[in-house]
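Remarks on the structure that follows.
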Amino acid sequence: MKCVLALSITCVFACGAAPPRTRISVREYRDKVYAAWLGQCVGNIYGLAHEQKYFAEPGPSNFPLGYTGWGAARLKQLNGAFSDDDTDIEYMYLMAMEKHGVEPTYAQLAAFWLRHVRREVWLANRAAVGAMRYGYTPPWTGKKEVNPHWFQIDPQLVNEIWSITAPGMVRYAAAKSAWAARIMSDDWAVQPAAHYGAMYSAAFFETDIRKLIESGKAALPPGARFVQTVDDMIALHRKHPGDWKAARKESLQKLYLQEPQSTRTGTNANLNGALGILALLYGGGDFQRTLDIACALGFDADNQAATMAGLLGIVHGTRGIPDSLLYPLKDRHWDAPLNDKYTNVTREGLPDAGLKDIARRLAIQGEKIVLAHHGRKVMESGEEYYEVNPDAEFHPPFEFPAGPPPEIELGKPVNHQLLLSGARKGDVRWRIVKGRLPQGLALTNGAITGVTEDHTGFYPVTVQARSGSEALQRDMTLLVR
């Protein structure tokens with residue numbers, strides 16, 4: 001194991017200095033938040049009929065595809081929208097923010113996972129919650145050493161909430177999305193979530209699809225794998241400007257067929273992230289066409305459909321979502337989009353809710369974040385506005401996660417480095433405050449190192465890490481074999 005300080009992603013903008021403040025009316029912000037939530041629900045339910053169906057060849061192109069399959073059947077049965085893994089974790093995170101504040105800790109989010117996520121969970125999310133039940137806490141739950149599905153799609157479909165509640169705060173949104181993505185993923189699999197987070201945040205003020213994609217690239221570190229992937233998708237769009245099928249076919253050579261065997265799956269984060277970008281490019285900002293292409297591109301299609309529909313919801317507001325998608329059941333007389341219902345069918349203990357109410361609660365959290373990061377709420381000509389600080393940064397809470405214990409064997413070298421999240425880089429002081437390490441081992445800069453010739457058995461210790469004025473302790477039991 002390695003000592004890693006989980007720091008926020010730094011955003012580097014190539015487009016020059018941002019204005020000191022960015023303004024959006026409270027009314028418009030609330031409408032875009034509602035449209036984002038509606039868009040995600042629409043895209044998720046619409047896309048379920050196409051999930052994991054198209055691999056070697058794309059799906060049908062007789063657009064619009066319409067609501068079909070079991071998603072449409074359940075929409076009719078429940079007489080409105082329902083929870084699925086593209087929205088239910090975000091709904092859970094909303095409740096965590098309402099309980100613990102707008103910047104909850106890993107430990108607080110893990111408690112929500114343990115309480116509410118017991119079924120209808122797959123891949124990296126399933127492995128993460130399994131690790132939590134074993135006693136590990138994030139971000140250990142997403143690390144390669146612990147989570148065999150660290151490279152899968154999961155983080156890019158459950159973290160849009162951090163950007164919906166951070167309008168125009170692109171640095172903040174991307175870093176917070178990456179931080180939350182590490183609950184279930186690691187390394188380059190975190191990057192699409194951060195890219196999407198930047199686009200969602202920027203979309204409150206930007207309508208040009210290409211500029212949104214570029215804002216996502218700027219939010220990633222230099223040399224990031226997903227930056228190259230996005231550039232490849234842009235190049236394919238230029239090469240085949242009117243032929244998304246040709247672009248798909250060519251993209252799969254590199255993203256799927258040439259992917260190493262250990263990470264070659266239909267749910268690979270990089271692959272599905274790329275297909276989301278293709279859907280945006282070939283959709284050209286049109287809600288219906290983007291939705292249909294996202295479905296027809298295949299693989300884990302409902303996730304791309306939900307995320308891109310949510311993004312275009314922000315771009316266009318509620319007026320930009322076709323009525324045929326919001327009122328799809330002609331024999332029902334709904335008074336509001338999707339009958340203003342969100343029925344929980346996936347998560348234990350989460351109450352049913354109205355879609356408008358969820359959006360209202362999301363907007364409340366967004367206002368808190370804007371004001372907490374040097375933004376303002378002002379009145380002008382009878383209209384309320386938010387003045388957003390676009391340079392806001394996300395600083396993760398300081399935490400000492402629980403993870404795998406060191407492997408200690410008599411006479412064998414030990415090099416076990418502890419993990420912190422949110423510590424100030426280069427400003428961590430470590431010490432043992434209770435118990436003792438086996439003779440021959442030492443704690444230096446967060447690493448337990450040395451060779452022990454002490455007795456076999458158990459050695460309980462309490463380790464303290466201090467960063468600035470904050471100090472954390474963790475009880476550990478070391479086993480010498």
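The values are calculated or read from the model by the stated rules, or taken from the named source; none is laboratory data. Given the structure is predicted, the values throughout are model-derived calculations rather than measurements. Using ideal geometry, Cβ is built from the backbone for each residue, glycine included, and neighbour counts are taken over all protein chains shown. These accessible areas exclude ligands, DNA and RNA; they are computed on the full protein's heavy atoms, side chains included. Shrake-Rupley method; radii C 1.70, N 1.55, O 1.52, S 1.80 Å.
Annotations
- Just one of the numbered conditions (1) surrounded by 12 or more Cβ atoms within 10 Å (Cβ to Cβ); (2) of a type in the set (A, V, I, L, M, F, W, C); (3) in contact with a strand residue (DSSP E or B) (Cβ under 6 Å, 6 or more places away or on another chain); (4) outside any loop (DSSP other than H, G, I, E, B) is not true of ILE369: (3).
- Just one of the numbered conditions (1) among the basic types (Lys, Arg); (2) free of Cβ contacts under 8 Å to residues at least 24 places away in the same chain; (3) open to solvent by 60 Å² or more (accessible area, probe 1.4 Å); (4) within 30 Å of ALA363 (Cβ to Cβ) is not true of LYS217: (3).
- Residue count, segment 443-462 (criterion: closer than 19 Å to PHE400 by Cα, out of contact with any Phe, Trp or Tyr (no Cβ under 7 Å at 6 or more places or on another chain) and aliphatic (A, V, I, L, M)): 3
- Residue within segment 194-215 that is under 17 Å from the mean Cα position of the chain (by Cα) and farther than 18 Å from VAL315 by Cβ present: yes
- Single unsatisfied condition, VAL227 versus (1) under 17 Å from ALA198 (Cα atoms); (2) among the β-branched types (Val, Ile, Thr); (3) outside any helix (DSSP H, G or I): (3)
- Every condition in (1) within 29 Å of ASN272 (Cα to Cα); (2) in contact with a strand residue (DSSP E or B) (Cβ under 6 Å, 6 or more places away or on another chain); (3) outside any loop (DSSP other than H, G, I, E, B) is met by VAL345 except one, and the failing one is (3).
- Residues of segment 285-296 that are within 15 Å of PRO60 (Cα to Cα) and either buried (at least 21 other Cβ atoms within 10 Å of the Cβ) or modelled with pLDDT under 95 (or both): THR290, LEU291, ASP292, ILE293, ALA294, CYS295, ALA296.
- Taking the criterion of being open to solvent by 60 Å² or more (accessible area, probe 1.4 Å) and without any contact (Cβ under 8 Å) to a residue 24 or more places away in the chain, the residues of segment 92-102 that qualify are LYS99, HIS100.
- Scanning segment 408-420 for residues being surrounded by fewer than 21 Cβ atoms within 10 Å (Cβ to Cβ), part of a loop (DSSP other than H, G, I, E, B) and in contact (Cβ under 8 Å) with a residue 40 or more places away in the chain gives a total of 3.
- Any chance LYS330 is out of contact with any His (no Cβ under 6 Å at 6 or more places or on another chain) and in a loop (DSSP other than H, G, I, E, B): yes
- Residues that are open to solvent by 20 Å² or more (accessible area, probe 1.4 Å) and among the basic types (Lys, Arg), drawn from segment 245-284: LYS245, LYS249, LYS254, ARG264
- Checking the stated criteria, LYS377 turns out to be in a strand (DSSP E or B), under 30 Å from PHE204 (Cβ atoms) and touching a residue at least 40 places away in the same chain (Cβ under 8 Å).
- Considering residues of segment 421-444 that are without any contact (Cβ under 8 Å) to a residue 60 or more places away in the chain, part of a strand (DSSP E or B) and aliphatic (A, V, I, L, M) only, the residue surrounded by the most Cβ atoms within 10 Å (Cβ to Cβ): LEU441
- Scanning segment 349-394 for residues that are under 21 Å from the mean Cα position of the chain (by Cα) and within 23 Å of ARG115 (Cβ to Cβ) returns LEU350, ILE358, ARG361, LEU362, ILE364, GLN365.
- Matching residues, segment 42-71, being among the aliphatic types (A, V, I, L, M), in contact (Cβ under 8 Å) with a residue 12 or more places away in the chain and assigned to a loop (DSSP other than H, G, I, E, B): LEU65
- Residue among GLU409, GLU387, GLU399 that alone is modelled with pLDDT of 95 or more, within 30 Å of PHE204 (Cα to Cα) and acidic (Asp, Glu): GLU387
- Total residues in segment 113-137 satisfying the condition of being open to solvent by less than 30 Å² (accessible area, probe 1.4 Å) and in a helix (DSSP H, G or I): the figure is 9.
- Filter result for the condition that a residue is aliphatic (A, V, I, L, M) and closer than 21 Å to LEU311 by Cβ, over ALA175, ALA128, ALA111, ALA124: ALA175
- First in segment 273-289 and over 19 Å from LYS249 (Cβ atoms), second anywhere and open to solvent by less than 10 Å² (accessible area, probe 1.4 Å) and part of a helix (DSSP H, G or I), Cβ under 6 Å, 6 or more apart: PHE287/LEU312; ARG289/GLY283
- Just one of the listed residues (ILE161, ILE209) is farther than 19 Å from TRP140 by Cα, out of contact with any Lys or Arg (no Cβ under 7 Å at 6 or more places or on another chain) and surrounded by fewer than 24 Cβ atoms within 10 Å (Cβ to Cβ), namely ILE209.
- Among the residues of segment 292-319, those identified as over 26 Å from ARG27 (Cα atoms) and in a helix (DSSP H, G or I) are ASP292, ILE293, ALA294, CYS295, ALA296, ALA301, ASP302, ASN303, GLN304, ALA305.
- Breaking point among (1) open to solvent by less than 10 Å² (accessible area, probe 1.4 Å); (2) in contact with a Gly (Cβ under 6 Å, 6 or more places away or on another chain), for ARG182: (1)
- Residue within segment 103-112 that is open to solvent by less than 10 Å² (accessible area, probe 1.4 Å) and either more than 16 Å from the chain's Cα centre (by Cα) or at pLDDT below 95 (or both) present: no
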